[in-house]
1. Which angle from 0 to 90°, rounded to the nearest 10, does the C-alpha axis of helix 112-130 make with the longest principal axis of the chain?
2. Translational diffusion coefficient, Stokes-Einstein: compute it for region 313-469 using the Kirkwood radius over C-alpha pairs as Rh, at 20 °C and 1.002 mPa s, and state it as an integer in µm² s⁻¹.
3. Set the bar at 19 Å for Cα to Cα. Now go through K80/K362; K222/K254; K329/K362; K115/K135; K254/K279 and name every pair that lies beyond it.
4. Taking amide H atoms as placed 1.01 Å from N in the peptide plane, list the residues 5 or more away in sequence, or in a different chain, whose amide H sits under 5 Å from that of N292.
5. Each residue of region 250-257 in order: what ³J(HN,Hα) in whole Hz does its phi give by Karplus 6.51 cos²θ - 1.76 cosθ + 1.60, θ = phi - 60°, with x for Gly and Pro?
6. At most 15 other Cβ atoms within 10 Å and a DSSP loop assignment: could you name the trypsin sites (Lys or Arg not before Pro) in region 346-454 that fit?
7. Could you tell me the relative contact order of region 4-286? Use alpha-carbon pairs under 8 Å, at least six residues apart, and round to a whole percent.
8. Quick check: the angle from helix 75-92's long axis to the longest principal axis of the chain, C-alpha only, nearest 10 degrees?
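Here, each number is a calculation from the coordinates, and none is a lab measurement. Everything quoted here is computed from the prediction, not taken from an experiment. Neighbour counts are summed over all protein chains in view; Cβ atoms, including those assigned to glycine, are modelled from backbone coordinates with ideal geometry.
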Amino acid sequence: MSYQAFCIHGHFYQPPREDPLTGIIPLEPGAAPYRNWNERIFAECYRPNAEQGNFKRISFNIGPTLFNWMAGYDLATCQKIVDQDRLNVGRYGVGNAMAQAYNHSILPLATRQDKITQIKWGIADFSYRFGRKPKGMWLPETAVDQETLEVMADCGIEFTILAPWQGDGPVPDQGIPCRVPLAGGREMTVFFYNQDLSTRISFDPGATINADDFVIRSLAPKFSPGVRNTGVPQMIMVASDGELYGHHQPFREKFLAYLLDGALTGRGLTPTFPELWLKSYPARQVVHIRDNTSWSCHHGVLRWSKVCGCTAQGRWKAPLRRTLNLLAKRLDVIYEMEIRPYTAEPWELRNQYIHVLLGEQKFEDLVNTISGRRLPDDDLWRIRLLLEAQRERQRMFTSCGWFFDDFDRIEPKNNVAYAAQAVLLTRQATGVDLAARAMGLFSRVRSQCTGLQADTIFANSLNRAQANLGG
């Protein structure tokens with residue numbers, strides 16, 4: 001009889017709601033009785049799932065920026081989540097948690113150097129929190145291209161999860177891992193999730209009222225009956241927004257707990273997760289991916305760059321993307337020119353800066369190590385400003401800034417505020433002022449609903465940051 005298994009992956013992430021300048025989330029009346037949506041979703045989803053022990057039963061990732069907020073809000077719950085991954089490491093030798101690219105930027109739209117930084121920062125954050133190197137990485141919006149997979153492989157990542165339509169041609173519909181050939185003889189293992197089951201769990205509340213009924217009516221029929229007595233292993237994978245379980249759909253954390261510890265075993269099915277499955281059943285079938293695709297836009301990655309059917313009122317998206325791309329290029333030229341006198345590896349310095357942000361390394365030690373000498377305080381001050389500008393430059397490509405229809409929302413306005421802070425920090429470090437050029441570019445970004453223009457947000461953010469920093 002074949003080994004039949006089921007895997008649910010939960011992607012836990014929230015757009016950054018913190019004020020870009022203060023780092024404090026403002027009061028959000030819609031989240032009442034909680035102070036903001038982070039706290040409400042935490043109470044409805046993250047904490048109850050941790051208490052139910054669901055984080056030891058599913059495959060999951062938690063966005064680094066969300067985990068950072070969670071650690072400051074309720075460290076005990078964060079530790080419960082980490083401990084549940086460690087239970088699997090102790091039991092099986094492998095864990096069920098996956099890393100995520102750091103700032104949730106759309107990597108196919110990023111430069112190669114930004115891909116490297118986002119992936120390395122995501123790996124560092126995961127290692128810091130979970131105490132082990134990740135083998136799997138969740139790509140924001142599962143947005144993928146060949147170069148992204150190559151960078152992941154170079155950084156030691158072995159597998160990821162994609163939507164079935166991201167494969168070039170037919171892909172297995174039962175979660176069987178596949179090998180994606182990469183340049184230089186490398187490869188990446190990809191799990192393609194089951195589209196029908198993922199859609200039912202995500203968007204049909206009636207399908208997840210009763211776990212036993214879900215297994216009988218929805219899950220069991222997905223296994224191939226003709227394979228059952230052949231000894232060939234079968235695995236079905238579902239991928240979903242983790243906040244579905246308790247927040248988007250109340251009490252679904254209880255559904256999840258009983259599904260994976262009760263309903264499955266009664267039907268001869270075993271819960272699993274990617275690293276555990278790969279121990280016994282490594283990828284053999286070769287597939288190729290479709291570049292510039294994602295799980296939440298059937299037009300590729302247009303949702304984050306242009307107008308598409310997902311957000312038909314998004315004419316502001318292309319000029320915002322162009323503006324931030326042009327600004328990023330200029331910031332990078334200045335950064336590289338200013339850092340080169342201190343080290344031949346300015347981008348590796350940026351990649352390693354995450355360890356300072358995590359509190360694992362002192363800033364002075366990082367810079368002195370990479371530069372190979374002890375630098376004076378004035379030089380250290382300028383370098384730190386430039387690295388902080390690069391941190392803001394990474395934040396300004398957070399994908400949430402393009403996800404919705406309208407520009408006049410917290411997410412795109414935050415991206416513009418990050419850009420303003422990057423411009424100010426660069427001016428403080430070098431005297432080069434990019435503000436006037438940026439203002440002209442941002443004036444082309446306008447809300448079709450309220451008429452709000454991005455240059456207004458940029459100017460206000462610049463003024464606030466300048467007053468705060470005394471620049």
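1. Helix 112-130 sits at roughly 60 degrees to that axis.
2. Working: Rh = 16.3 Å.
Answer, rounded: 132 µm²/s.
3. On the way: K80/K362 28 Å; K222/K254 23 Å; K329/K362 28 Å; K115/K135 17 Å; K254/K279 29 Å.
Over 19 Å apart, Cα to Cα: K80/K362; K222/K254; K329/K362; K254/K279.
4. V144, D145, Q146
5. x, 6, 6, 5, 6, 4, 4, 4
6. Qualifying residues, ordered by number: K362, R373, R374, R444.
7. Computed value for region 4-286: 26 percent relative contact order.
8. Result, in degrees: 50.
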